[in-house]
1. Packing-wise, with mean Cβ within 10 Å as the measure, how do 127-134, 84-91 rank, highest first?
2. How far, in degrees from 0 to 90, does helix 124-146 lean away from the longest principal axis of the Cα atoms of the chain, to the nearest 10?
3. 7 Å from Cα along Cα→Cβ at both Ala104 and Glu26: what's the point-to-point distance in nm?
4. In the neighborhood of Phe50, defined by Cβ-to-Cβ distances under 11 Å, what is the net charge if each Lys or Arg adds +1 and each Asp or Glu adds -1?
5. Treating the Cα atoms of segment 28-101 as identical point scatterers in vacuum, please give the log10 of the normalised Debye intensity I(q)/I(0) at q = 0.19 Å⁻¹, two decimals.
6. Using the Cα centre as the reference, give the magnitude of the dipole from point charges on the C-beta atoms of the chain (Lys, Arg: +1; Asp, Glu: -1; all else neutral), rounded to the nearest 20 debye.
7. Quick one: grab the alpha carbon gyration tensor of segment 111-208, order the square roots of its eigenvalues as a ≥ b ≥ c, and give me rounded if a/c is under 1.5, else prolate or oblate depending on whether a/b is larger than b/c.
8. Total Lys pairs in the chain closer than 23 Å by alpha-carbon, pairs eight or more apart in sequence or interchain only?
Amino acid sequence: MPEEQRPYHHGNLVPTLIETTIQLIEEMGVEKVTVREVAKRAGVSPGAPFRHFKSKSALLTAVAEQAVERLYEAVTTAQDPALEHDPLGQLERIGQGYLAWVRAHPTHFQIVSDRKLIDFQSSEISTTLNTRIRLRMVELLTRARDNGQLAPDQDIETVVLNSRAVVYGLSRMYTDGHFRDWQSDGDPFAWMQRGLSAFISGLRTKTT
């Protein structure tokens, strides 16, 4: 059955449109994707998507919501109860979960990281889950400072921002194909993991 005639079950149009959008982005790039093309590929009328998404931005925001949901699941699953006594180790697990999510879902990362494409702040799902991740990081870093793993003069919010920047930067290098220019030997994902581990090690005080 041709892809443009692919049927969908009643009530499943929204996930079908999101899945189709991701496929088209991977094939032709996000700039060339239109709501009309998504409708055609999904096998529905040109006006059908607009019952759920008033614009391309709204459709991409829904893709971003799915991305954040999967990211939240990835970083939650990556944490290890055995590391609760080692908050910086647990923080690294959050970062490793993030990197694994990027490797598994690079298109999701591309969409959710480009605020020009989506209306992130209007999405309750995205902002709520993003806040949960940030607050978990604050909790872990506060505990690390209290137990001596992190230097007492470290500002928690600054470390949160730096942690985010490191993981985000490694992810952009991965999805944009920069590792072959900087580290041509070995698996790029392994270099991502090493980079994160080196950053976390640098946070630890010399006595830990």
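Every number in this text was worked out from the coordinates using simple rules, so none of it is lab data. Small disclaimer: the values here were computed from a predicted structure and weren't measured. Cβ sites come from the backbone with ideal geometry, for glycine too, and all protein chains shown count toward neighbours.
1. Put in order of decreasing packing, that is 84-91, 127-134.
2. The answer is roughly 10 degrees.
3. The two pseudo-label positions are separated by 1.4 nm.
4. Neighbourhood net charge equals +4.
5. Taking Cα atoms of segment 28-101 as identical point scatterers yields -0.78.
6. Charge dipole of the chain: 340 debye, to the nearest 20.
7. It is oblate, given that a/c is not under 1.5 and a/b is not larger than b/c.
8. Lysine pairs, 8 or more places apart or on different chains, close enough: 8.
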